[in-house]
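Asks: Let me begin by handing over the structure; questions about it come next.
Read the figures in this text as sums done on the coordinates, not as results from a lab. A quick note: this is a predicted structure, and the numbers were derived from the prediction, not measured. In this analysis, Cβ positions are derived from the backbone assuming ideal geometry, glycine residues included, and neighbour counts consider all displayed protein chains.
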Amino acid sequence: MRTPTRLRKGIQKFLLILAVFAFGCQGMEDRHLGEAEKLLQIGMPQDAAEQLEAFIENKPEHPKARMLLGEAYDALGRYNDALEQFLLASQLYAARPAERVEARLSLARTYLKFGDRDSAFRVLRLVLHGTSDAAVLREITALVGDNYKTKQLTHGDSDNYSPTFSPDGTQIAFASFRLDNGEIYLMDLNGRIRKRVTFTTDFNDSSPAFLKTPNYIFYSSEPKSSREVKIVIQSSGSTPIYSAFNVTHIHSKMTRVVLPVSFGARVPRTSPTANQVVYESNADGNLELYLLELEGLDLGQVTPDKIQPKRITFNETDDGSPAFFPDGQRIIFVSSRNEVNQLYTIDIDGKNEQHFNPNRYDCYNPTVSPDGKTIAYVSARDGDMEIYLIDADGKNPRRITGDIGVSIHPAFSPDGRHLAFVSDRSDTFHIYLMAFDEPVTREELVERLQR
């Protein structure tokens, strides 16, 4: 029997109203969750948590809301509450494998922050058993160790720090406290010491950087005030620092003072295209960036009176940890605006300043790959200080170190195939070398998770 036309149209209208209503409810849910997600991104986890708690009262089985609430609790340090939310989310995502994997990864990250490696590894074994996705495998690898094959270059009981590659990529200059004060050394890529570069028993020399003129190293030299070495992750403009900048010929040992001992000059980084040096200094009240122009000068005869530092940044908050992009015309640096250390970029003439990758996590020690496509930096977003990579467009952040202890001071090799960095995973700060063309295999990952 046919349905009368009027009745059929009425049913169609009713169904359309139901669809619009459902779409409107879905749109409202998405808007509420989007607002909470935005609050998390701008560093307001308490407000996000309150909004999500109210949402979940009416929608207790909404998995994304549980995930976001877990992130909010994690940011607030409420790890037990975060674990509960991530566990519920993983259960609610039972029919959606990709989302369930993400929930379990978040659960494992929180277990690791809580110091419960056994529970974290148990969850990660479940994820590993059910996936062959390369991106997921990389995430698991970074949570339980380094993403690529890594070897330790320095050994012993003394701290080693500030690695940087020679222009030809065959040597690494670094600072070491092995002789009761900080000195600069050269080693090959197997860790064999080739040469001691500095001989200044009353100073701690650090932060070596090769200049464009062959065989010259630029470095920081700080008067020794104690027998303890200072391995700096991020300087503060309120901390008194007195240091000088020197340049040394690595063969003749001839050393010239470029900038005499002054207030707050630190972390020099050289340009890949010219004899220019960018550094941080709190000479004017807080940390700002400065540029030294050494191009055209006879480095063997240089004196401080021939050089006039040029100030690049002018901000009320600290600007530090600068590094050049490969073209030598742009700099990436760290600034503590909004009470969070973030990455910014600026041209060497002080123009075109930009917030590189806005997020709610502290970021430190940036450095740029030789092809300019990748930034390496340090963050504690997952607990320990670890090294991350991010594309030069500010997207695709990924963690590449994950061993016990902190990992800092990343430095790319000239060909971009290796990354040198510093870690205290063996209780002392040592230098390690990571090979980007040797990723950790699935078999090695399975072995790690059995420990």
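Asks: Mind checking the dipole of the chain: about its Cα centre, +1 per Lys or Arg Cβ, -1 per Asp or Glu Cβ, Debye to the nearest 20?
Replies: I would put it at about 1480 debye.
Asks: Calculated FRET efficiency, GLU295 and LYS351, Cβ-Cβ r, R0 25 Å, to nearest 0.05? Write out the running numbers ahead of the final one.
Replies: Values: r = 20 Å, r/R0 = 0.81.
Result of the calculation: an efficiency of 0.80.
Asks: Please give the peptides 128-141, 320-333 ranked by average Cβ packing (other Cβ atoms within 10 Å per residue), highest first, as a rough proxy for protection.
Replies: Numbers: 128-141: 16.0, 320-333: 21.1.
Order by mean packing, descending: 320-333, 128-141.
Asks: Using the Karplus curve 6.51 cos²θ - 1.76 cosθ + 1.60 with θ = phi - 60°, work out ³J(HN,Hα) for each residue of segment 191-202 in order, rounded to whole Hz, and write x for Gly and Pro.
Replies: x, 6, 6, 9, 6, 8, 9, 10, 9, 10, 5, 9
Asks: Could I ask something else about it? Give me the one-decimal nm value for the distance between modelled label points at LYS310 and THR201, 7 Å along each residue's Cα-to-Cβ direction.
Replies: Taking the two extended label points, one gets 4.1 nm.
Asks: What is the helix-to-structure angle for 117-129, meaning the angle in degrees between its Cα long axis and the longest Cα principal axis of the chain, kept from 0 to 90 and rounded to the nearest 10?
Replies: 60 degrees
Asks: Each residue of segment 171-186 in turn: what ³J(HN,Hα) in whole Hz from Karplus with 6.51, -1.76, 1.60 and θ = phi - 60°, glycine and Pro shown as x?
Replies: These are the phi-based 3J(HN,Hα) values: 9, 10, 8, 7, 9, 9, 9, 6, 10, 6, 7, x, 10, 9, 10, 10 Hz.
Asks: Then there's this: Enter the mean projected area of the convex hull around the alpha-carbon atoms of segment 148-449, in nm², rounded to one decimal.
Replies: Average projection, Cα convex hull of segment 148-449: 15.1 nm².
Asks: Using a simple charge model, +1 on the beta-carbon of Lys and Arg, -1 on the beta-carbon of Asp and Glu, nothing else, what dipole does segment 82-180 show about its Cα centre, in debye to the nearest 20?
Replies: For this selection, approximately 380 debye.
Asks: While we're here: In square nanometres, what is the average projected area of the Cα convex hull of segment 29-131?
Replies: Projected over every direction and averaged, the Cα hull of segment 29-131 covers 6.1 nm².
Asks: Follow-up question, since we're still on this one. Can you find, among TYR219, ASN80, LEU179, the residue sitting farthest towards the positive end of the charge dipole of the chain, where Lys and Arg contribute +1 and Asp and Glu -1 at Cβ?
Replies: ASN80
Asks: Can I ask one more? Hey, with R₀ at 35 Å, roughly what FRET efficiency would ARG194 and VAL261 work out to, going by the Cβ-Cβ distance, to 0.05?
Replies: Working: r = 29 Å, r/R0 = 0.83.
E(calc), rounded to 0.05, equals 0.75.
Asks: Cut-off under 20 Å on the C-alpha distance; same-chain residues fewer than 8 positions from LYS253 excluded. Which lysines are left, in chain and number order?
Replies: LYS195, LYS212
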